[in-house]
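*Asks:* Take a look at this one; I'll ask things after.
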Amino acid sequence: MSRRALISSVLSICLCLFAGLVGAAPAAAMGGPQVPLGEPAPAFTLPTNVGDGEISLADYQGQWVVLYFYPKDFTSGCTLEAQRFQRDFAQYQAHNAQILGVSADDVDSHAEFCDSEGLEFPLLSDPKGQVSKAYGSWLGAMSLRHTYIIDPEGVMRARFLGVSPPIHSQEVLAALDELQGVDG
């Protein structure tokens, strides 16, 4: 590994760790303004590693969407979070919910990450943070670890700011149960 690649890798890990620590900070320090619950979620179209190469929120009209933002492919917390979503993927499908991951990584990195981790849900590339900013999930040069649940009509129903990767997928599934009126 070249010195430049090593420095880049160490910096990426530090940024990802910092993003995890931000979870303990007040909400105002965790990105930009948040879309109020009960309001329409910001529309978007982003490049992806699957299908036709682009995904829009409108593509999932009639489905629940779990839109999760994360700092960087191949870092420990981000990998664990993706693994947990994949582990629970069948439960999301049973909830008529589509998982979409968003980070500033490029499409090629997303493709490698999905192959490496066996991810069956799409990852979207937001290199300039335009969508991350629209959702209040951008810090400098990366997406923050935030998750949003959007209902089948495109309305923001729940949000998770500064999540804990080991338990987050189960928290999201519990929220979907509650939002959908499912008895546990």
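Readers should treat all values here as calculations from the given coordinates under stated rules, not as data from a laboratory. What you are looking at is a predicted structure, and each value in this text was computed from that prediction instead of being measured. Note that we place each Cβ from the backbone using ideal geometry, even for glycine, and neighbour counts take in every protein chain shown.
*Asks:* Arranged by the count of other C-beta atoms within 10 angstrom, fewest first, what order do 107, 102 take?
*Replies:* Fewest-to-most ranking of 107, 102: 107, 102.
*Asks:* Separate question: So, in nm, how far is label residue 164 from label residue 83 when the simple model puts each one 7 Å beyond its Cα toward the Cβ?
*Replies:* 1.7 nm
*Asks:* For the modelled label position 7 Å from the Cα of residue 182 along Cα-to-Cβ, which residues of the stretch 71-85 have backbone nitrogen atoms closer than 17 Å?
*Replies:* Residues 84-85 qualify, since their backbone N sits under 17 Å from the label point.
*Asks:* OK, next. For residue 155 and residue 115, compute 0.36 nm times the residue count separating them, minus their Cα-Cα distance, and round to one decimal in nm.
*Replies:* Gain in length upon complete extension: 11.2 nm.
*Asks:* Also, I was wondering about something else. Tally Lys and Arg at +1 and Asp and Glu at -1 over the other residues with C-beta under 13 Å from the C-beta of residue 86: what net charge comes out?
*Replies:* -3
*Asks:* Subtract the Cα-Cα distance of residue 128 and residue 61 from 0.36 nm times their separation in residues, and report this length gain in nm to one decimal.
*Replies:* Residue separation times 0.36 nm, minus the Cα-Cα distance, leaves 21.6 nm.
*Asks:* Ranked highest first by average number of other Cβ atoms within 10 Å, how do 138-150, 122-134 line up?
*Replies:* The peptides rank, most packed first, as 138-150, 122-134.
*Asks:* Pop out the ³J(HN,Hα) list for the stretch 145-151 in order, Karplus 6.51 cos²θ - 1.76 cosθ + 1.60 with θ = phi - 60°, rounded to Hz; leave Gly and Pro as x.
*Replies:* So the J values, rounded to whole Hz, are 7, 10, 9, 10, 9, 10, 7.
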